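The values are calculated or read from the model by the stated rules, or taken from the named source; none is laboratory data. For clarity, every value in this text was computed on a predicted model and none was experimentally measured. A quick note on method: Cβ atoms are made from the backbone with ideal geometry, for glycine too, and the neighbour counts reach across all protein chains shown. Remember, those area values only see protein heavy atoms, side chains included, never the ligands or the DNA or RNA. Shrake-Rupley method; radii C 1.70, N 1.55, O 1.52, S 1.80 Å.
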Amino acid sequence: MGRGLADLILPPVAHDSREATAAAGLSADAWSRVQFLEAPVCDGCGAAFEFDGGAFADTRCAACLASPYAFARARAACVYDEASRGLILKFKHADQQQFAGLFARWLGRAASDLIAEADAVVPVPLHPMRLLSRRFNQAAEIARPLARHAGLDYLPDALTRERPTTTQGGKSMRGRRLNVARAFAVTEAGRRRIKGRRILLIDDVLTTGATGEACARALIDAGARAVDLAVIARVRTARELPM
């Protein structure tokens, strides 16, 4: 009743505009433009299949069958395009942390099957210098409410970024992999808490999968039983068949 009265006096506004909404979220226009990813999707990278192949169809795309990622499975809430990019960049670079809860709810829906089997949630870390300039880790801000709502252990300090890396933007797939190679490490405390457990790794965007794969390798090498990846958005062409 108190919440309803407060909303009556001060109606919630959309995160992307000053438009009043029934509940804090996106305006109707922004919501209609986001391309959410619905089943069926590739179990390995989260890419949308064009059609449901039925009970006997492969659960993975050709690229994932030919060259699996180090992480076991991946899910994305939506396609990374002009509509979602603006929202994510507001969250990452304009200090609009009100998007964190919204994105966590998107992932709670898109990655529900991964969440159901996870033992703990780990955000992709920022290097301390990047964290100092940005003031918060966008992956951690999504992972925290997601873990709390799912009743899972939240391990923000299990994984660290040992060396600064340049932005992944504009790099080839090989360049991205080289950029993050050996950039991540598991802390001693994290090693004890991830051993033998299935980890749900959280990041904002999947482009080639290089960052998620580097983190997954570090976690698995440190004793994690398996690592799954959940992201807000993925580019359509994140995976291509290896040449």
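Before moving on, here are some points about what is shown:
- Meets criteria (among the polar types (S, T, N, Q), touching a residue at least 12 places away in the same chain (Cβ under 8 Å), within 26 Å of T160 (Cβ to Cβ) and open to solvent by 20 Å² or more (accessible area, probe 1.4 Å)) for Q97: yes
- Candidate set from region 113-130 (those that are under 14 Å from R225 (Cα atoms) and part of a loop (DSSP other than H, G, I, E, B)); member that is most open to solvent (accessible area, probe 1.4 Å): D119
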